[in-house]
1. Test of understanding: among Asn501, Asn544, which residue is modelled with pLDDT under 75 and either basic (Lys, Arg) or open to solvent by less than 20 Å² (accessible area, probe 1.4 Å) (or both)?
2. Looking at the range 547-572, which of the residues that are of a type in the set (Phe, Trp, Tyr) and crowded, with 18+ Cβ neighbours inside 10 Å is modelled with the lowest pLDDT?
3. Counting only residues that are open to solvent by less than 60 Å² (accessible area, probe 1.4 Å), assigned to a helix (DSSP H, G or I) and in contact with a Lys or Arg (Cβ under 7 Å, 6 or more places away or on another chain), which one in the range 427-449 is modelled with the highest pLDDT?
4. For the subset of the range 370-394 comprising residues that are of a type in the set (Lys, Arg) and not in a loop (DSSP other than H, G, I, E, B), which member is least open to solvent (accessible area, probe 1.4 Å)?
5. Residues being of a type in the set (D, E, K, R) and in a strand (DSSP E or B): count how many of those fall in the range 2-49.
6. Evaluate the range 234-256: report whether one residue or more is open to solvent by less than 60 Å² (accessible area, probe 1.4 Å), outside any loop (DSSP other than H, G, I, E, B) and among the β-branched types (Val, Ile, Thr).
7. Which members of the range 213-265 meet the condition of being more than 23 Å from Tyr312 (Cα to Cα) and among the β-branched types (Val, Ile, Thr)?
8. Filter the range 131-158 for residues that are more than 49 Å from the chain's Cα centre (by Cα) and among the charged types (D, E, K, R); which is surrounded by the fewest Cβ atoms within 10 Å (Cβ to Cβ)?
Amino acid sequence: MGSQLTLKNINELCVGENGVLYDFYIPSYQRGYRWADQVTKLLNDLLEFYNSSPSKDAIYCLQPIIVKCRDSVKKSYEIIDGQQRLTTIWLILEYLFRDDYSRFSLSYERGEANSIDKHHIDLAKESIKEWFIQQQKNNPSVRMTSEIERILTTYVTLIWYELSPEIAPEECRRIFRNINAGKIPLTVSEITKAMLLNEKLYGNAKGEQLYRASVWDEMAHTLENKAFWEFISEDKIFVPTRADYILSLEWCTKNKTNKLPEHTGEIFNYFEGLLIGDIDSSKINAENTFAVLREYFRIFQDWYVDPEYCNYIGYLVRYKARGLEKLIEIINLYKKISHSEFLAWLKNEIKRTVSSFNIEELSFTESKEKQQMQDVLVLFSIVTANKLGKRFDFKPSGGWSLEHIFAQRSEIIKPNERILWLQKYLDSNVIEAARRQTDDVDYRDKLNSLEDEIKAYITENKVVEDTFKLLFSKIGDLIEHYNISNIHSISNLALLGKDDNSSLSNAPFYEKRGKIISMSRLGKNSIPQSTVNVFQKVYSSSNNSSVYRGNLDIWSKQDSEAYFKSIEFELNEFWGAGENNE
């Protein structure tokens, strides 16, 4: 059995079950009782609740206690957190009923409380006694002990969080340490779920309670799906659980803000105010709250099953880090307009992020422009994914980065691979194809000279750094027609996950091609289909000349031009024919 969260009223703890009273065991790793100064505050809160004239079904909810069952038959539980408030309640009950009323018991691993603990307990007892004497003086017509007893045993409820009995003792101690370090294991969503499914709200309508519990569990389970979670959440956002994110959306909507509160307690207080109190109001609020949370979940499901919605919303919310603010705006608009209008609006919002610059003029060497190029290639990859009916991965390992398709530096080819690289160039027959295609005698002579120099270098079978650099430069000039001015343009860049980018280690084109295709076949989401298409020269097939069309080991200037035209075409089609991204 896993951990369970429910509500228990004080009367349940006093009466017990099947004639067996609850016994709470306080382990030695917990500090002694120190809540003497909190007793009066709790009593004042109970008095305020009494003065509100609560209905018979109202609830006064205390903060959670965390327990682990030691013996289910004897109703023995180890207290992990909450011994201060539980001890305080026990002391109040002791004053109210003396020894003529059954109540839960407290036992200590280290034996009876030591002198310091006893001192604080005595202070608390004295505070309780003085409080009741003073209240009786203030209102002599009311027997205050009877009224507080009625409030305490009828209305006061604890949020009961029971850990799995399989949890080891050392894990209990770790949880206790985390609680005292401010790392509370209970979250707003867990507590809200307990309040939302409180049995008092359902009476005989157990079917509705079970239905809501199943929907909640389905929501929590679905949000753990990486792809589902990432397109609706910002990377930097932190919530204790993903279900808390849905509650945060509702809190932000009701408070007309796009920012989460500094403390999650504000969100808890909002839902506690709705779900704890007058039973009739709580029933209505529970129904409305469930309907709202279910509506959020339904909207996210609608978007998720449509890759186009999923990809566009993910671009705005996750990739562009617009987060909660943008998500709330998108949700509100989605409820008001038609699907076609909504889709057009999403495209227009995306267009704003890539329409203030000319992609042809962007350069990798400029920091700002580098980000703009990445935005364009992410969008290009999304458009490609949409046509395949696939979802885009917005969070590959390490994030997204740009990779040069053709590298200008000869140093990237390892010395022991240079002869093989040149041999592959000869075997590709690209030099012969270039010769056949041109009538320029001077150009043919340069190609002949290049071929002879490559053969000589291979025959000599000796790596000479300067000679290889010269050959590499000639190949770039004569065959691939690259120069420094366009090596850093978007037509020579592809989108890759950062971790995969670094694993390529600036390899030559043919080596990158092999690695990227292999990684793609392994199903790595950090290799978008658009990048696979680049290295398979899909964009070159119908636009390139016969010299390069069938040569998959070379990335030429013609290939890059065809690639750029494909990017341009897809983006123009994305936001309407005849428009451009200037």
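1. Asn544
2. Among them, the one singled out is Tyr548.
3. Leu447
4. Initial filter on the range 370-394 (of a type in the set (Lys, Arg)): 370, 387, 390-391.
Now narrow it down to the ones that are not in a loop (DSSP other than H, G, I, E, B): 370, 387.
On the way: Lys370: 84, Lys387: 120 Å².
Filtering the range 370-394 for residues that are of a type in the set (Lys, Arg) and not in a loop (DSSP other than H, G, I, E, B), the one least open to solvent (accessible area, probe 1.4 Å) comes out as Lys370.
5. Step one: of the range 2-49, the residues of a type in the set (D, E, K, R) are 8, 12, 17, 23, 31, 34, 37, 41, 45, 48.
From what's left, in a strand (DSSP E or B): 8, 17, 23.
Selection size over the range 2-49: 3.
6. There is at least one residue in the range 234-256 that is open to solvent by less than 60 Å² (accessible area, probe 1.4 Å), outside any loop (DSSP other than H, G, I, E, B) and among the β-branched types (Val, Ile, Thr).
7. Of everything in the range 213-265, those that are more than 23 Å from Tyr312 (Cα to Cα) and among the β-branched types (Val, Ile, Thr) turn out to be Val215, Val239, Thr241, Thr257, Thr264.
8. At the first step, the residues of the range 131-158 found to be more than 49 Å from the chain's Cα centre (by Cα) are 132-146.
Among the residues that remain, those that are also among the charged types (D, E, K, R) are: 137, 143.
Working: Lys137: 9, Arg143: 11.
Result: Lys137.
The values are calculated or read from the model by the stated rules, or taken from the named source; none is laboratory data. Worth saying up front: this structure is predicted, and the values here are computed from it rather than measured. Cβ coordinates were reconstructed from backbone atoms using ideal geometry, including for glycine residues, and neighbour counts include every protein chain displayed. Side chains included, ligands, DNA and RNA excluded: accessible areas come from the protein's heavy atoms. Shrake-Rupley method; radii C 1.70, N 1.55, O 1.52, S 1.80 Å.
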